[in-house]
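A short worksheet on the structure shown next.
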Amino acid sequence: MSQSERQLVTGNTKTADLSNEHYETLENYIGTLEDKEGSLINVLHKAQELFGYLPQEVQLFIARKMDIPAAKVFGVVSFYSYFESNPVGKHKISVCMGTACFVTGAEKILEEFEKELLIGNGETTKDGMFTLKDVRCIGACGLAPVVLFDDQIYGHVTVDGVREILEKYRKVDKYAY
Amino acid sequence: MDGVRSHIMVCGGTGCISAGAEDIIDALKAELDKVEYDQEVNVIRTGCFGFCGQGPVVKIHPDNVFYVKVKKEDAAEIVNEHIVKGRPVSRLLYTDPESNKKLDKHHQMSFYQKQYRIALRNCGLINPDDVYEYIAFRGYEALATVLQEQTPLQVIEVIKKAGLRGRGGGGFPTGLKWELTLKSPGAEKYIICNADEGDPGAFMDRSILEGDPHSVIEAMAIGAYATGSNKGIVYIRAEYPLAIKRLQTAIGQARELGFLGKDIFNSGFCFDIEVKLGAGAFVCGEETALIQSVEGSRGEPVRKPPFPSESGYLGKPTTVNNVETFANIPPIILKGADWFSGIGTENSKGTKVFALAGNVKNVGLVEVPMGTTLREIIFDIGGGIVGNKGFKAVQTGGPSGGVITSADLDTPIDYESLKNIGSMMGSGGMIVMDDETCMVNIAKFYLGFTQDESCGKCTPCRIGTKRMYEILDNITKGKGTEEDLAHLEELAPMIKDAALCGLGQTAPNPVLSTLEYFRNEYEDHVLHKYCTAGECKALAKYSIDPEKCIGCTLCAKACPVHCIQGAVKQIHVIDPAKCISCGVCARACKFDAVIKP
């Protein structure tokens, strides 16, 4: 789809971070689906995988390509906690709040992250490095309390260990740039 | 497989993988290459062994030696000592906490002794990514049997006679559920596997799908045949990437070998399975909400009746069964209804998998016959409480269940007995709590959960749980009054009676049950502004033990609000009026002199 076409669809031009390539991939994916409406959740998963989150314009794009009301797309996005409609940081920190983690001190771990990163639960640091979020049980109760850093699981996390984990990521990123 | 004399089985469950199992597999393979044993010794990634607290777990076949807490650095020793020289590496063996003896066989361990594995039969035994290993353990034999020898009604009769009940929590008889769908009019029917394991602290469904995905596929095909469906859907949490991957691999293999697809086993029966992902909504475990979600909508429950067996997915008759329920089906077909109904109690047959977690020594998955007591599970299998603290309570049934105190530990567990003592079976999460757990805080935790997960459709759940949560929050912050307790007791039955679905109807349970068994704790919070367990920060005040304090000043330096007075080599004192109870002093003290409230 051309840039001007997209402007028609989305009504704005702030699309710098949302590359055309992703839209094409998404459109092709939608094209392969037989039962379009029933696959909305799968489509949203795919879109989030591509774009990192689901901004309004992506939601609109999906609605129009799938020929369903945008309100329905928004309704589904806002219903499920897995879907993000705000930009997320480079690293996603998910503190497991399952019961096993809770009784082994997950609340304190989350607080420590909040203190270390100076952000609240669900927020992203100003430098766009970290997004902090509590998550529902990820089923690794044997390692409780558990913190998920992107896809990497850290088990038996202690309050003192929080800074250590953060340092590790900060260092790696420093070298990366 | 020619010439293979030994197998090294490495646990590939999420727990062990997170603890480095993949690295161990690579290291073992590299070491075997070095000694040129790679042709005669295989390294296999299996499903979950269940003993997650001791992971990563490695088992050597046929010697049947069980290694625990293995690291990748141990690979060389395992290969050089055990494989090459035939000498087990004793430092990696499990130490029995009672006798302090090293045990090398898993069946000697108290963790495994009282277990009886039906649903988990293949977990830790086979490579989940290899369909032929499943077939070697009588895989797909049950499907072949029913397709060639039994009518759908006969299959249902077997399941009914076996007495299998839904393992997702409700305990509805599976055979009856199938019969209702079969008898519903309509040519188009569906069977759905509920793998939306949302109960925090329960991970048995994940382990079954990761460790033995074919058993679920086979059982779904059997269920589809019995209920007259040709299409199956697995609705699985997006939070379980490994389970999704293994399930998809398994479905591909089953299609290739003709266990799924058209004319299965030349019977004319056609069946295929599609995987649909959830997106993080606990309420989608409720079957009507699940169906909404599978249809691509918000997962809001709808009123029953009509039940899904009459009008479910796309308005067609639909059966929804849980993963663990399915995993029980093939053995029942193969071994017979009498075998299955011979296990368990009068009204609850077979076994139940529990995810034992929390403040218990042996964290992991345990499968025990119905009728086993909680004491056996927590103290014999689970090894008791971590850190020699006291047992306070065990929570079953997740956010819908309640707490059970030591007075009821000898209750033989089944669906009814747990209900009678104010809890429920639920999906099998079992969280053990030590005496430092605040029960008001636990109730608040569960209410926070249900409140967060309430879909918002019906008022009692949306607003009722919010009000209950606020009251509990106030109590833990020291702002509670005696009236609040009365309000909780008044709200609870209203929400239970009026909520639309199971989530709301059971949401007040954790509050009611903690109020019943631990009313004194609530009263301490409300009347004396004191939290016995010391968990509620707003109520907690720290103090210093003058006997232990040596006056090192560490605590005073660490205190962010400077509320600790004292000079070098003098006993320090905390000013309770200024103390914000952050606990920094307790962590700073090297002499254990700071007394937690």
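Just so you know, all these numbers are worked out from the coordinates, no wet-lab data involved. Keep in mind that what you see is a predicted model, and the values were worked out from it rather than measured. Neighbour counts run over all protein chains shown; Cβ positions are idealised from the backbone, glycine included.
Put in line by how crowded their Cβ is, counting other Cβ atoms within 10 Å and starting with the fewest, A:ASP35, B:ASP199, A:ASP160 read A:ASP160, A:ASP35, B:ASP199.
Please state the charge dipole magnitude for chain B, taken about the Cα centre, from unit charges on C-beta atoms (+1 on K and R, -1 on D and E), reported in debye and rounded to the nearest 20.
Values: 64 positive and 74 negative charges, 158 e Å.
It comes to approximately 760 debye.
Give the percent of DSSP beta bridges with both residues in chain B that are antiparallel, rounded to the nearest 5.
On the way: 34 of 61 bridges.
Percentage antiparallel, nearest 5: 55.
For chain A, the relative contact order is 17 percent, taking Cα pairs closer than 8 Å that sit 6 or more residues apart in sequence and dividing their mean separation by the residue count.
Note on B:MET494 and B:LYS466: the extension gain reaches 8.7 nm, defined as 0.36 nm multiplied by sequence separation minus the Cα-Cα distance. Between the amide H of B:ILE233 and those of B:ILE191, B:ILE192, B:CYS193, B:GLU274, distances stay under 5 Å, these residues lying 5 or more places away or on another chain, with hydrogens modeled in the peptide plane.
Centroid-to-centroid, using Cα positions, segment B:266-284 and segment B:493-522 are 33 Å apart. For B:PHE591 and B:ALA538, FRET efficiency with R0 = 30 Å and r from the beta-carbon atoms, rounded to 0.05? The value I calculate is 0.65.
Taking 0.36 nm per intervening residue step and subtracting the Cα-Cα distance, what contour gain separates B:LYS102 from B:GLU256 on full extension? Could you put the intermediate results ahead of the total?
On the way: separation 154, 0.36 × 154 = 55.44 nm, distance 4.52 nm.
Fully extending the segment from B:LYS102 to B:GLU256 adds 50.9 nm.
Near the amide H of B:SER6, within less than 5 Å, lie the amide hydrogens of B:ASN42, all on another chain or at least 5 residues away, with H placed in the peptide plane.
Taking every residue in A:69-82 and counting other chain Cβ atoms within 10 Å of its Cβ, the average works out to 4. For A:PHE130, the residues 5 or more places off, or on other chains, whose built amide H falls under 5 Å of its own are A:LYS90, A:HIS91, A:THR125.
At 222 nm, what value in deg cm²/dmol follows for the protein assembly as shown if DSSP H runs of at least 4 each add -39500 (n - 2.57) and the sum is divided by all its residues, to the nearest 500? The partial results should precede the final answer.
Numbers: 30 runs with 293 residues, N = 774.
Rounded to the nearest 500, it is -11000 deg cm²/dmol.
With R₀ set to 51 Å, the beta-carbon distance separating B:GLN248 from B:ILE571 gives a calculated FRET efficiency near 0.20.
Placing a pseudo-label 7 Å from each Cα along the Cα-to-Cβ vector at A:GLU49 and B:ALA136 gives an inter-label distance of 3.2 nm. Each residue of segment B:412-418 is assigned a 3J(HN,Hα), and the resulting list reads x, 7, 8, 4, 6, 4, 5 Hz, derived from the Karplus form 6.51 cos²θ - 1.76 cosθ + 1.60 (θ = phi - 60°), x at Gly and Pro. Taking a span of 24 Å or more along the helix axis (Cα atoms) and a mean Kyte-Doolittle hydropathy of at least -0.5 as the rule, the DSSP H helices of chain B that qualify are B:482-498. Each peptide in B:462-472, B:210-220, B:540-550 receives the mean, over its residues, of other Cβ atoms within 10 Å, and ordering these scores from highest gives B:210-220, B:462-472, B:540-550. Counting, for every residue in B:358-364, the Cβ atoms of other protein chains within 10 Å of its Cβ and taking the mean gives 3. Across peptide A:127-139, the mean count of Cβ atoms from other chains lying within 10 Å of each residue's own Cβ comes to 5.
Under the 0.36 nm per residue contour assumption, what length would be gained going from the current alpha-carbon distance of B:ASP473 and B:LYS578 to full extension? Each step should come with its number before you reach the end.
Numbers: separation 105, 0.36 × 105 = 37.80 nm, distance 2.23 nm.
Between B:ASP473 and B:LYS578, full extension yields 35.6 nm more.
Here each label is just a point 7 Å from Cα along the line to Cβ, and for B:PHE265 and A:THR25 those points are 4.2 nm apart.
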